[in-house]
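This report concerns only the one structure given below.
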Amino acid sequence: MNGPGIAWYLALAAFLFATGMLGVLLRRSPLIVLLSLELMLNGANLALIAFARQAGNLDGQIFALAVMAVAAAEVVVGLGLIVAMARKKLTLDVDKLSFLRG
Amino acid sequence: MTLSGWITLFAPLVGAVLITLGGSRIGRRTAGYIATASTMIAFVAAVVAFVIALGKSPDSRSQLSTAYTWIQAGSYQSGFSILIDQLSLLMMLIVTGVGSLIIAYSLGYMEGEDEERRYFAYMALFVFSMLLLVEGGNLILLLAGWGMVGLSSYLLIGFYHRRASAVAAAKKAFVMNAVGDATMAIAFFLLIKYTGSLSFSVLGQPAGNHWVLNVVALGLLGGAVAKSAQLPLQTWLPDAMEGPTPVSALIHAATMVTAGVYLIVRCNAAFEAAPHVQNLAAVLGALTLLMAGLIALVQVDIKRVIAYSTMSQIGYMFLGAGIGAYADAIFHLMMHAFFKATLFLAAGILIHALSGEQDIRKMGGLRKLMPFTFLAFLAGGLALAGIPPFSGFFSKDPIIASALARGGWFGDMLWVAGLAGALLTGIYTFRLIFRVFLGEPSAFVREHLHTEHGEGPISMRWTVAVLAVLATVAGFIQFPPFWEPVSNWLEPVAPPLVTPTNAQEIGTLLIGVTLGALGILIAWLIYGSHRFKAPKPSEILEEKFFFDELYDAAFYRPAVWLAKTLRRGFEEPVIDGSIAEVVVGTRDAARWTARLQTGLLRTYVFAIAASLAVLLVVFVAVR
């Protein structure tokens, strides 16, 4: 097996995931939250591919492809929602978007 | 013979079902005709069965016909079967014969009444119930008929359901009868437990187990007492006068109250196995006949006087059945059916002509205005008082004579009670007749009597005429000690325990007739010729010995008190309270849970991330 060991990949994946999570937790703009979510997904994807390479089969890679497809769909829906909110002139702040509270 | 029995049983039911299904599609008259025709068919079938049975030898007259196995549970089995024997044949003839006459009479009496169709459906159902009771081939079918008689009587007593008193009377009759149904059910449970069957052959078993035998007999007696309105469950009968007059006639003459006597005779083995209970039946009969006779002296409602006379006459039958003179009791039952139906139906004509008035104080002088009714009523009254040659004369005195033949202080006491009852019967019957028919027409009668159509429609007159003739001559069927076909006929079913000697028979006959005539004389002196002033009626008689008040205080008020106490002490604090607590608790829990939902996205994400981290730590640590 060539290249760096799996630990490096996992470290990078964990870093990406943690960065994304911090973004989701701390930022208020829905656009940034969506971007951070993508980061988290990609962190997870990296881990999946790293494990697939380690194990020498394609399961993880296919899983990663499926995650990408879901992520693409999610971005479409999420961006659509954000555009709709902008059109209605709502403040783009997730802390203020709490109408669904019971 | 059994085929006729089945036809007899089901013809009235078919009639009732037809009227019910027909609903408003059939006319009011048609409903009446269907009910009359169905019971007449039943009567004809019963006559056919009787004639066939006459042609057979006495041993082969009893036939059990089973349609199918009705109930099967473990080793217990009951068929849907009818028993046709000497006793049930006689009862079938009375029930269908007198019953169909009464229903035919109703054609005229109920004319123009609202809900005529319902009335006739109930009447046919009533006859069917009674037939099921007397034809039932085992005790469970008998109980089924027993319960249905209670139901039908409830429906008919409460026929005028817009009148509160009628509804109350119906409820009272039902509850009183339910007491008897319950004691009978207990007796049947014991029979199933100890003998494993409910066919008539297990009566009198288990031999030797006195406790069970006594309780079974007591349970049966309880049922008989309730249905036949004897002490101490008699209070429903006078109130049952709230129903239409033909219903009273049906209850008193053909169905219902005679069921108790039938039960004792049918189950004579059970009673003979428990002699103390049988004696109790005789004592209850004697007490009832005296008490009812005394109360009848002061009642002012024409139907109530007749009702108390029924109670009194059924008392005679209980007395007879209690000392083992079964055939005499059944014979008196037959004769009573004739003359009591005559009295009630004649009273119905009166009430009809007087626009529903039943108070005898407002009547008087009706003899010339309604001669036919007077004659019919007189025939019934003379039969009731036991004056020869009317039917009561032949049937009542043999029962009293049997009491003498029973012997001992016990028999002598019953004998005296029976004779005292004969005197009372003469007085109260002719108090009624003299008051209603003799003298000058009262102001009320002159104002309200309407006889422009003669004395009621033709259907009311011919039925009363037939019954009056029967009340006059039917007694000649049996004249102990000279000829006794009824006793001989019933001998295989219920062999008598006592047979009076000729001297006892004739002596009692003479004394009985004398006392009856003396009663009439007393009634004449007071109410006919007004030689003596009527004594002031005592309160205890007017209030019917305070039985209603007693039961009110003993059962009704404690029950109401208990219910109120439980409501205040248990339901309101415990049940209502706990439900309120549950409601408040749920609402509080929901309020607390709702606080977790902040609506802030970051809170949710943090919760997910934190729980994920905790899971991770736990996962690693446990590993």
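Quick notes on this structure:
- Apart from one condition, A:ASP95 fits all of (1) within 18 Å of B:ARG602 (Cβ to Cβ); (2) part of a helix (DSSP H, G or I); (3) of a type in the set (Asp, Glu); the exception is (2).
- Of the candidates B:PHE377, B:PHE410, B:PHE372, the single residue that is surrounded by 24 or more Cβ atoms within 10 Å (Cβ to Cβ) and not small (Gly, Ala, Ser) is B:PHE377.
- Scope the range A:20-34; condition touching a residue at least 24 places away in the same chain (Cβ under 8 Å) and away from chain B (no Cβ under 11 Å); matching residues: A:SER29, A:LEU31, A:LEU34
- Test for A:ARG53: is it within 11 Å of chain B (Cβ to nearest Cβ) and over 15 Å from the mean Cα position of the chain (by Cα): no
Here's the yes/no breakdown for (1) closer than 24 Å to B:SER88 by Cα; (2) assigned by TED's automatic domain parsing to the domain that holds B:SER62; (3) not in a helix (DSSP H, G or I):
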site: B:LEU142; (1), (2), (3): yes, yes, no
site: B:TRP146; (1), (2), (3): yes, yes, no
site: B:ALA166; (1), (2), (3): no, yes, no
site: B:VAL175; (1), (2), (3): no, yes, no
site: B:LEU213; (1), (2), (3): no, yes, no
site: B:GLY219; (1), (2), (3): yes, yes, no
site: B:LEU233; (1), (2), (3): no, yes, yes
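- If you go through the range A:1-19 and keep only what is under 12 Å from the mean Cα position of the chain (by Cα), within 14 Å of chain B (Cβ to nearest Cβ) and small (Gly, Ala, Ser), you end up with just A:ALA18.
- Hey, B:ALA249 among the small types (Gly, Ala, Ser), over 30 Å from B:THR69 (Cα atoms) and in the same structural domain as B:ILE349 (by TED's automatic domain parsing) or not: no
- B:PHE532 away from every other protein chain (no Cβ under 14 Å), aromatic (Phe, Trp, Tyr) and under 29 Å from B:GLY426 (Cα atoms): yes
- Of the residues making up the range B:98-113, one or more are of a type outside the set (A, V, I, L, M) and over 19 Å from B:PHE344 (Cβ atoms).
- Only one entry in A:MET40, A:MET68 is surrounded by 11 or more Cβ atoms within 10 Å (Cβ to Cβ), within 11 Å of chain B (Cβ to nearest Cβ), assigned to a helix (DSSP H, G or I) and within 17 Å of the chain's Cα centre (by Cα), namely A:MET40.
- Scanning the range B:285-330 for residues that are of a type in the set (Gly, Ala, Ser), under 21 Å from B:PRO398 (Cα atoms) and not in a loop (DSSP other than H, G, I, E, B) returns B:GLY285, B:ALA286, B:ALA292, B:GLY293, B:SER309, B:SER312, B:GLY315, B:GLY320, B:ALA321, B:GLY322, B:ALA327, B:ALA329.
- With respect to the stated conditions, B:PHE546 is in a helix (DSSP H, G or I) and without any contact (Cβ under 8 Å) to a residue 24 or more places away in the chain.
- Residue among B:TYR527, B:TYR551 that alone is closer than 30 Å to B:ARG367 by Cβ, away from chain A (no Cβ under 14 Å), among the aromatic types (Phe, Trp, Tyr) and assigned to a helix (DSSP H, G or I): B:TYR527
- Residue satisfying condition, being away from chain A (no Cβ under 14 Å) and either under 30 Å from A:ASP93 (Cβ atoms) or part of a helix (DSSP H, G or I) (or both), within set B:LEU562, B:LEU616, B:LEU612: B:LEU562
- Flag if B:PHE331 is touching a Gly at 6+ places or on another chain (Cβ under 6 Å) and crowded, with 24+ Cβ neighbours inside 10 Å: no
- Failed criterion for B:ALA607 (all others in (1) surrounded by 11 or more Cβ atoms within 10 Å (Cβ to Cβ); (2) at pLDDT below 85; (3) within 14 Å of chain A (Cβ to nearest Cβ) hold): (2)
- Once the range B:567-604 is narrowed to residues that are basic (Lys, Arg) and within 30 Å of A:LEU22 (Cα to Cα), the residue that is farthest from the other protein chains (Cβ to nearest Cβ) is B:ARG595.
The values are calculated or read from the model by the stated rules, or taken from the named source; none is laboratory data. What you see is a predicted model; the values in this text were computed from it and never measured. In this analysis, Cβ positions are derived from the backbone assuming ideal geometry, glycine residues included, and neighbour counts consider all displayed protein chains.
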